[in-house]
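These notes are about the structure you will find just below.
The values are calculated or read from the model by the stated rules, or taken from the named source; none is laboratory data. Remember, it's a predicted structure, so these values are computed and weren't measured experimentally. When we count neighbours, we look across all protein chains shown, and the Cβ atoms used for this are built from the backbone with ideal geometry, even at glycine. Note: accessible area is taken over every heavy atom of the protein model, side chains too, but ligands, DNA and RNA are not part of it. Shrake-Rupley method; radii C 1.70, N 1.55, O 1.52, S 1.80 Å.
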Amino acid sequence: RGPWSHRNLLLTTQVAACLLLLAIAGLLFRGASHAVTTDPGFDAKHLFLLRLNSDAAAPTTAGRQAILKETFTRISVLPEVDRVTWAERAPYLGHSIQPFETDEGRWVNGCVKTNVAANYFETLGISLVAGRSFTEQEQETRAPVMVISQSAAHQLWPGKNPLGRRLVSLKQNRDGSKSSFVVIGVVRDARLTLLSQVDKIDLFFPRPLSTDATLLVHTRLPPTVAFQSTFATLRDVNPTLPTQALLMSMEGGPMQLQ
């Protein structure tokens, strides 16, 4: 009886493990299928992200900043690459929510705030529907301007022209003041936080390239075609970088987690 009990227990364990693996495979398949069939509102098919941990390559912030800028410049001229931009957070990999006050005195919660480069919308293929995007000067000087999504315009100023309107951050600056931002552009809605739904209030602010930024690379061909040359570029910048880099296609990485 003892040997048979052990065999039954082993068989039960094996069946349970197989069922668990099948369940996980089913979840992954459904996630992949959902990612393929859902339009995120931007060109995910030709996009990959690059995140660097350059601490080992440079001990100072200035050194890490220089490495990131050189990496950005070199990747930009690769023949497989169309455009490169950056953002504080890549789509589906975290987000920052802050409350703001409209110029009509209304507090609004649930605003998704993202710091981006001047060419962010062009690189991702998110079209402008009104106004303009940021200039490089506004990017480098952290100008008090912003671009908002169509849904944000409807939520914040329903039935009104949002261009020229202002939002005030409820977060105080070090001197006790509050920052005010003017709307200069409106972009088409996109699914940047969750693939399952369009963000209700997306607010974009211009920021210069910093060491905590994620590079977003738009390629001329499928992103995996550019992976080898990207890693070669990283080695040229600093031999330690390839081992300190997170590189994945948008469809093969973040969108699969949705």
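Please compute the per residue accessible area over the range 31-105 with all protein chains in place, 1.4 Å probe, rounded to a whole number of Å². If you can, show how the numbers build up before the last one.
Working: 3450 Å² over 75 residues.
With the other protein chains kept in place, the range 31-105 gives 46 Å² per residue.
Would you mind working out the magnitude of the charge dipole of the range 129-258 relative to its Cα centre, with +1 at each Lys and Arg C-beta and -1 at each Asp and Glu C-beta, to the nearest 20 Debye?
460 debye
Calculate the FRET efficiency for GLU70 and LYS45 from the Cβ-Cβ distance with a Förster distance of 25 Å, rounded to the nearest 0.05. Let's see the in-between values first.
On the way: r = 28 Å, r/R0 = 1.12.
E between GLU70 and LYS45, to the nearest 0.05, is 0.35.
Put VAL186, VAL77 in order of accessible area, largest first, 1.4 Å probe: what do you get?
VAL77, VAL186
Three principal axis extents, largest first, for the C-alpha atoms of the range 70-157, in Å?
On the principal axes, the range 70-157 reaches 49, 27, 24 Å in Cα extent.
On the accessible surface of the range 142-258, probed at 1.4 Å, how many percent belong to carbon and sulfur atoms? Provide the component values of the computation, followed by the final result.
Numbers: 2740 of 5410 Å².
Answer for the range 142-258: carbon and sulfur cover 51 percent of the accessible area.
Full-extension gain between ALA56 and LEU170, please, as 0.36 nm times their residue separation minus the C-alpha to C-alpha distance.
Result: 37.3 nm gained on full extension.
What size of dipole, in debye to the nearest 20, comes out for the range 75-116 about its Cα centre when the only charges are +1 on Lys and Arg C-beta atoms and -1 on Asp and Glu C-beta atoms?
Dipole size: approximately 120 debye.
With a ≥ b ≥ c the root eigenvalues of the C-alpha gyration tensor of the range 169-258, is it rounded (a/c under 1.5), prolate (a/b larger than b/c) or oblate?
oblate
Please work out how much length the chain gains when fully extended from GLU122 to SER96, using 0.36 nm per residue of separation minus the C-alpha to C-alpha distance, in nm with one decimal.
7.2 nm
Would you mind calculating the relative contact order of the range 47-159 from Cα pairs under 8 angstrom and at least 6 residues apart, reporting the percent as a whole number?
The value is 17 percent.
What does the highest-first list of 93-105, 114-126 look like by mean Cβ count within 10 Å?
For the peptides 93-105, 114-126, the packing ranking is 114-126, 93-105.
So between TRP107 and THR38, what do we pick up on full extension, going 0.36 nm a residue minus the alpha carbon distance?
Residue separation times 0.36 nm, minus the Cα-Cα distance, leaves 21.6 nm.
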